[in-house]
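The values are calculated or read from the model by the stated rules, or taken from the named source; none is laboratory data. Because the structure is predicted, anything quoted here is derived from the model rather than measured. Here Cβ is always computed from backbone atoms with ideal geometry, including for glycine, and neighbour counts include all displayed protein chains. All accessible areas refer to the heavy atoms of the entire protein, side chains included, with ligands and DNA or RNA removed. Shrake-Rupley method; radii C 1.70, N 1.55, O 1.52, S 1.80 Å.
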Amino acid sequence: MASNFIGEQSGSTIRGRAEIALIGCNHQTAPLELRERVAFTPEQALRAAKELCNSGTIEEAIIVSTCNRSELYGVAEESVESLPDTLISYFSDFHKLPLGELNGRIYQRAGREAAQHLFRVVSGLDSMMLGEAEILGQVREAYKRAAGNGSTGPVLHRLFQSALEVGKRVRAETELGTRPVSVAAAGVKLTERIFGDLKGHRALIVGAGAVAEQVVENLRARGIGELELVNRSFERAEELARRVSGKALEWEGFEAAMVRPDIIVMSVSGSTHLLTRSMLEHAMLARSGRALCVIDLSVPRSVEPEAEGMYNVYLFNVDHLGEIVEQNKKAREAEIPRAEAIVDEHVNKFLAWQSSLEGAGLLEALRHRLESERQSLLASHFNGAHGGSSVDRERLEKLTRELIDRVVELPASHLRRERKLRRPVEGLAALRELFGLDDSEDKEKP
Amino acid sequence: MTYSMGMDIAALVLYAASFTGYVLHLYRGGHWSGRIATLLLVLAIVAHYYALLERSHVIHAIPYDDLYGSMSLFAWLLAVTYLGLEVFHRRRAVGFVVVPFVILWLAVAVVVAPSRVPHDPAANGALFALHITIGILAYAAFAISFLLSVIYLIQNRVLRRGRPGLAFWRFPALDVLERMSRSSVVVGLVALALATTLGFVWEHRLTGHLAMADPKVLVTLIVLAVYAIYLVLMRASAWRGARAALICACNFAIVLFSYTAVNLYFTGFHRFF
């Protein structure tokens, strides 16, 4: 039956032609100052989405707001021609920004382009750092919050679930996000090339600046066993150690501490070599020659160049890591076509689903129309002076109901079976095919 | 007696398909290409086993009488040992190095295989069969440790130069390569010690004495000694790393010498490969 079909498609309410619209700005269209002003906190995002839905402007809304983008996805029942302008106005009002400031900074997408944009975003194809992984989690969180807030419906549910699937597939099937593209991440990846799993290993970080912090984050993400931090300013080392569950050491204890770790990261400023070959030789003797990886992120270098080539000491400096980063960036770029192919595949799937949903809405509207005509005809016939008996009325009611069911069932079953019909239904030829008008003539022939 | 090569060819095709899977796994990543490569390797090992079984049925003994049988058995044990290491260490990245050697060994065996199977009635019995089979298993394990050591040395060099290529990121870490190589040496050492003991027992039963002065026996004892030294050195941190890998790779030269030159030109009774 047609009603079953509609239920299968949407999973909730039946709707007519629903269009997706997107407005937003990102690192490519807006400077940081503007991005800061149009960013939504999670609470603001939920409130704005709810307000838009309640105002009747749109039926469904999700706002994705990260440090590099603020995007508003909406679904409207009818044409979205004026919708982007309405959304931009709301955007401007919400953040108390003159519309003029947003001129040329906001992009608008609708239908296919909107779906494609979201799929590219979750894949990391639209990110500042190509293939970054964080965006997938950020979109997932935005979707979960909106779903919990009740501002989503069947279209955005499907769109965002498809988007999360695309994000996972791109990361699993391509190398878009596998190779490190920051110096800190590349250094940590190199240590894994030596020690494998970092879980049972110990690292000593010399310095407590931003780069050192990045290294620490990467080491923690890779499951490093123990972390020791040493800095000229003990307070800063202690503060960082507290944040990353490490142990701060006094600057004077640096040389003695070199015996324990398998990884030493140097990220300090200064013109002298803090780590000399003789210091490393002593340390290697004390540690019975166990392999040691030294990552020197300081410029000028804080490890004596003569230390290079020592047995079981692996020394990397910023030049080595920079070269790896460049190589990895190129490798990531080479993966773009494979990622785009996955995006396109899912955009087509989503549009096919959306068309089938629209088709189901169309059929349901037709059923309602036929039903109301049926009721009206029956009423006029039986309420008149020559109205038939109750038995006649019952038979006629049953007959006309069955007739409607048969009329609607045919296109519904066509939609169920034939994928090509799920593309946007446009033109009379498609409608003739959808309603099986050409087939019905053949069937009537003896 | 004639022997059909159908299963050997099937095994070769499956090994080649498995190799393609390992290469894809190395360059494109993803779990599926790796899993398919391993599955194809398992199928190849099964097909290869049936090829060896068929040959055994023809000669009523383990197929080691001739160069073909020995090489085919060696290739099979190489694949089996590698599969064991892959499962134990959960690393597939060196499959693309090991499987080509399996293919090469089996392909050469197929090409040089005689259509008529020779057989020495003296070389029969379970003890003798075990002696030879376990001996070949030891050679296969040493061959894998050699390949792993070579990969270690290459990767170590690449790391030291600080300019790794794209495939570099897919290889196992130095530490993993070292552990895989050590596991392989342990398997080889135990297998060779067992094979040597079984050989002594078999010879004593057959002749009533032990031919300790035979070059094959002497070289085998040297092989046992150098690999035992390798394992002892591996316990000291200062020897671990590139030095240990170099020793392991050099040790294999003695294994090769024992497997080829000694068998062909020096030994009196170890004419079996």
Open item on the list: Take the residues in segment A:291-327 that are more than 22 Å from A:L198 (Cα to Cα) and at the interface with chain B (Cβ under 9 Å from one of its Cβ atoms); name whichever of them is most open to solvent (accessible area, probe 1.4 Å).
Closed with: A:D319
Open item on the list: Residues to consider are A:S151, A:S92, A:S127, A:S70; find the one that is among the hydroxyl-bearing types (S, T, Y) and either under 25 Å from A:P180 (Cα atoms) or not assigned by TED's automatic domain parsing to the domain that holds A:I23 (or both).
Closed with: A:S127
Open item on the list: Condition (residue is out of contact with any Gly (no Cβ under 8 Å at 6 or more places or on another chain), farther than 27 Å from B:T197 by Cα and at pLDDT 80 or above) applied to segment B:72-86: is it met by at least one residue?
Closed with: no
Open item on the list: So, A:I342, is that one closer than 27 Å to A:M129 by Cα and not assigned by TED's automatic domain parsing to the domain that holds A:A115 or not?
Closed with: no
- [ ] Would you please name the residue that is farthest from the other protein chains (Cβ to nearest Cβ), looking only at residues in segment B:233-246 that are modelled with pLDDT of 90 or more and open to solvent by 40 Å² or more (accessible area, probe 1.4 Å)?
- [x] B:L246
TODO: Report whether or not B:L137 is at pLDDT 85 or above and assigned to a helix (DSSP H, G or I).
DONE: yes
TODO: Pick out the one residue from B:L198, B:L194 that is in the same structural domain as B:S149 (by TED's automatic domain parsing) and either of a type in the set (D, E) or surrounded by fewer than 20 Cβ atoms within 10 Å (Cβ to Cβ) (or both).
DONE: B:L194
Open item on the list: If I filter segment A:264-273 for residues that are in contact with a strand residue (DSSP E or B) (Cβ under 8 Å, 6 or more places away or on another chain) and more than 23 Å from A:A186 (Cβ to Cβ), do I get at least one hit?
Closed with: no
- [ ] Test A:F254 against the stated conditions and say whether it is surrounded by 15 or more Cβ atoms within 10 Å (Cβ to Cβ), more than 15 Å from A:A307 (Cβ to Cβ), in contact (Cβ under 8 Å) with a residue 40 or more places away in the chain and touching a His at 6+ places or on another chain (Cβ under 7 Å).
- [x] no
Open item on the list: Against the condition touching a residue at least 40 places away in the same chain (Cβ under 8 Å), closer than 30 Å to A:I324 by Cβ, among the small types (G, A, S) and not assigned by TED's automatic domain parsing to the domain that holds B:T81, how does B:S149 come out, does it pass?
Closed with: yes
- [ ] Name the single residue, out of those in segment B:44-68 being among the small types (G, A, S) and within 27 Å of B:Y22 (Cβ to Cβ), that is nearest to the chain's Cα centre (by Cα).
- [x] B:A44
TODO: Could you check, for segment A:294-310, whether at least one of its residues is touching a residue at least 60 places away in the same chain (Cβ under 8 Å) and either outside the structural domain of A:I224 (by TED's automatic domain parsing) or part of a strand (DSSP E or B) (or both)?
DONE: yes
Open item on the list: Return the residues of segment A:342-355 that are open to solvent by less than 70 Å² (accessible area, probe 1.4 Å), away from every other protein chain (no Cβ under 14 Å) and at pLDDT 90 or above; say none if nothing qualifies.
Closed with: A:V343, A:D344, A:H346, A:V347, A:F350
Task: Filter result (free of Cβ contacts under 8 Å to residues at least 24 places away in the same chain and of a type in the set (A, V, I, L, M, F, W, C)) within segment B:64-100 - done: B:V87
TODO: Pull up segment A:27-49, narrow it to residues that are among the charged types (D, E, K, R) and at pLDDT 90 or above, then point me to the one that is surrounded by the most Cβ atoms within 10 Å (Cβ to Cβ).
DONE: A:R47
Task: Residue satisfying condition, being at the interface with another protein chain (Cβ under 10 Å from one of its Cβ atoms) and at pLDDT below 85, within set A:A331, A:A360 - done: A:A331
Task: Entirely in segment A:120-206, the helices (runs of 4 or more DSSP H) that have 2 or more residues that are away from chain B (no Cβ under 14 Å) - done: A:134-149, A:154-173
- [ ] Please work out if A:E281 is modelled with pLDDT of 90 or more, touching a strand residue (DSSP E or B) at 6+ places or on another chain (Cβ under 8 Å), surrounded by fewer than 20 Cβ atoms within 10 Å (Cβ to Cβ) and not β-branched (V, I, T).
- [x] no
